[in-house]
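Since every read-out is calculated from the coordinates, none of them should be taken as a lab result. What you see is a predicted model; the values in this text were computed from it and never measured. As a convention, Cβ positions derive from the backbone with ideal geometry for all residues, glycine included, and neighbour counts pool all protein chains shown.
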Amino acid sequence: MDRPQCSDVEKGKIIALRENGLSIGEISATLQKSKSTINRWIRRYEMKGQVGKRRRPGGLTKKTTEVQDEEFLAIARNNPLWSSAKILHATDIPVSTKPVRRRLKQAGLTCYKAAKVIQFTEQHAQMRREFALQNLNENWESTVFADEKRSGRISSAFWGWMSLHGPGDLVGIDGRLTANGYINILEEYIGTTTCLR
């Protein structure tokens with residue numbers, strides 16, 4: 001029995017959907033292809049890095065046109081947190097994600113993954129209420145709340161503090177915050193700018 005055929009566009013969509021986190025069953029339902037067909041092309045891509053025909057001898061051949069390259073770059077610039085698979089999926093260009101990553105690298109662009117946001121649940125809200133009630137009569141005059149926050153994988157990190165008297169300084173952090181760097185921040189900002197009694 002002949003295997004069902006997949007066009008290069010369909011193969012590209014299979015890989016793009018897989019890299020975008022969809023299961024084999026979800027891809028099968030989306031593209032109306034059997035699970036065995038989906039699984040076969042995913043395994044081939046994982047083993048060989050491509051799903052199309054083998055390259056001809058003589059080195060790499062360019063798979064995309066300049067217009068297609070510009071389309072990749074435009075999508076990447078407008079959506080800096082998109083993966084190469086998602087960028088490819090937004091087009092109808094029948095290639096794997098490799099040319100997309102190659103073009104972005106040549107243009108000095110990088111694909112990022114958005115940082116996962118922890119969902120605020122009713123349990124979290126209840127815990128906050130309980131903490132507030134338990135400490136309702138505490139003396140917060142000499143207490144400082146401080147935290148470090150990275151606002152995104154393509155942004156800088158910041159450290160800040162607040163007290164009963166209001167918010168304090170917001171300090172930009174270059175690179176990773178080390179123990180010595182943290183001590184320096186405490187000495188420079190907490191030691192000189194707080195109004196604690």
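Quick notes on this one:
- Charge tally around A29: other residues with Cβ under 15 Å, Lys/Arg +1 each, Asp/Glu -1 each, net +2.
- Under Karplus coefficients 6.51, -1.76 and 1.60, residue-wise ³J(HN,Hα) of region 87-104 in Hz, glycine/proline x: 4, 4, 5, 6, 10, 10, 7, x, 9, 7, 6, 4, x, 5, 4, 5, 5, 5
- Which of T30, T97 has the fewest Cβ neighbours within 10 Å, and the rest in rising order: T30, T97
- Placing R0 at 35 angstrom, the Cβ-Cβ distance between E46 and T121 gives a FRET efficiency of 0.45 after rounding to 0.05.
- Inter-site label distance for K149 and R176 at 7 Å from Cα along Cβ, in nm: 2.3
- Extension gain for the segment L81 to L136, taken as residue separation times 0.36 nm less the Cα-Cα distance, is 15.6 nm to one decimal.
- Label-point separation, E70 to S34 (7 Å along Cα→Cβ), nm: 4.4
- Packing here is the average count of other Cβ atoms within 10 Å per residue, and on that basis the peptides 39-45, 120-126, highest first, run 39-45, 120-126.
- Shown for K105, K86, K98: other C-beta atoms within 10 Å of each C-beta, ranked fewest to most, produce the order K105, K98, K86.
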